[in-house]
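So the structure is just underneath, and the comments pick up after that.
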Amino acid sequence: MNGLIGKKIGMTSVYDSTGKSVACTVIEAGPCVVTQVKTEQTDGYTALQLAYGDTKAKNTSKPLQGHFEKANTEPKHKLVEFRDFSIVEKAIGEIIKVDDVFNEGDMVHAVGVTKGKGFQGVVKRYGFSGVGGATHGQHNRQRAPGSMGASSYPSRVFKGKRLPGRTGGDNVKVKNLKVLKVFADQNLILIKGAIPGHKGAYVILEKK
């Protein structure tokens, strides 16, 4: 395998071999259930579909309930497909744990959805500094975007202009993060640095 599904627990810090305090994110990675095995013959490519996070059957559609029954597992909340790696012999219904994939010192990519911040102005969204001084006729303009830069031509605002709008809630991949510790008995993995998402958010970990 080259990845797992997990859940963000929070952040903490640990001391490295030199005694330096290192900030890290705690992820509950797995255990994940193999719910589908794709091969070149049946699907045109090789991949494993993993499921993670228990959910209620009443909140799961009938087709998905049947899909999970084939894997002999309870309905799961998150389904992710992992491909582009050499498939080892895995069977539907098999459990994959964190120590089956990751070891201390590995480099991983983390995929998560950033915290949503709602509708924000340009100062919060893009770091604009406003129009500058508060005098010389400036009235309530400190957080305004300022001139749009267009005159009689083209008489419109170009698409892609940095303007106020909804911020956050984006799917973001943070690359090349180091695995500091793996606690196999608790299904926990400590990854150096910050990972997108709020506490309890689902995270996809991909082995580099």
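The values are calculated or read from the model by the stated rules, or taken from the named source; none is laboratory data. Note that this is a predicted model, so its numbers are computed, not measured. Neighbour counts are summed over all protein chains in view; Cβ atoms, including those assigned to glycine, are modelled from backbone coordinates with ideal geometry. Side chains are part of the model used for accessible areas, which takes the heavy atoms of the whole protein and leaves out ligands, DNA and RNA. Shrake-Rupley method; radii C 1.70, N 1.55, O 1.52, S 1.80 Å.
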_From Cα pairs below 8 angstrom and at least 6 apart in sequence, can you work out the relative contact order of region 1-70, rounded to a whole percent?_
25
*Could you work out the local net charge near Y45, counting Lys and Arg as +1, Asp and Glu as -1, over the other residues with Cβ closer than 14 Å to its Cβ?*
-2
_What distance in nm separates the two pseudo spin-label positions at K173 and A23, each 7 Å out from Cα along the beta-carbon direction?_
2.4
*K78 versus L163, label points 7 Å from Cα toward the beta carbon: distance in nm?*
3.6
*How many times 2.2 N^0.38 Å is the alpha carbon radius of gyration of the chain?*
1.38
*Of all accessible surface on the chain at a 1.4 Å probe, what whole percent is carbon and sulfur?*
48
*asked:* What whole-number distance in Å separates the alpha-carbon centres of region 4-22 and region 82-156?
replied: 22
_Positive-end extreme of charge dipole, region 54-208 - chosen from F102, M148, G118 (charges on Cβ)_ = M148
*Taking a probe of 1.4 Å, how large is the accessible area per residue of the chain, in Å²?*
62
*Across all directions of projection, what mean area in square nanometres is found for the Cα convex hull of region 153-194?*
5.5
*Counting other Cβ atoms within 10 Å of each Cβ, which trypsin sites (Lys or Arg not before Pro) in region 25-81 have at most 16 and sit in a DSSP loop?*
K56
_region 123-208: relative contact order as a whole-number percent, Cα under 8 Å and 6+ apart_ = 17
*Pairs beyond 21 Å (Cα-Cα), from K70/K208; K7/K97; K62/K207; K7/K76; K115/K208; K62/K90*: K70/K208; K62/K207; K115/K208; K62/K90
*Taking only the alpha-carbon atoms of region 1-102, what semi-axes of the equivalent ellipsoid follow from 5 times the gyration tensor eigenvalues under a square root, in whole Å, largest first?*
30, 19, 10
*asked:* Suppose the chain between R143 and F119 were pulled fully straight at 0.36 nm per residue; how much longer would it get relative to their current alpha carbon spacing?
replied: 7.2 nm
*When only C-alpha pairs under 8 Å and at least 6 residues apart count, what is the relative contact order of region 53-134, in percent?*
21
*Quick one, what does Rg over Rh come out to for region 1-54 if you take C-alpha atoms and the Kirkwood Rh?*
1.23
*Ranked by how many other beta carbons lie within 10 Å on average, peptides 161-174, 108-121 from highest*: 108-121, 161-174
*Taking the Cα-to-Cβ direction at H109 and at K181 and moving 7 Å from each Cα, how far apart do the two end points lie in nm?*
2.8
*Determine the dipole magnitude for the chain: charges of +1 sit on the beta-carbon of Lys and Arg, -1 on that of Asp and Glu, nothing else is charged, the reference point is the Cα centre, and the result goes in debye to the nearest 20.*
1560
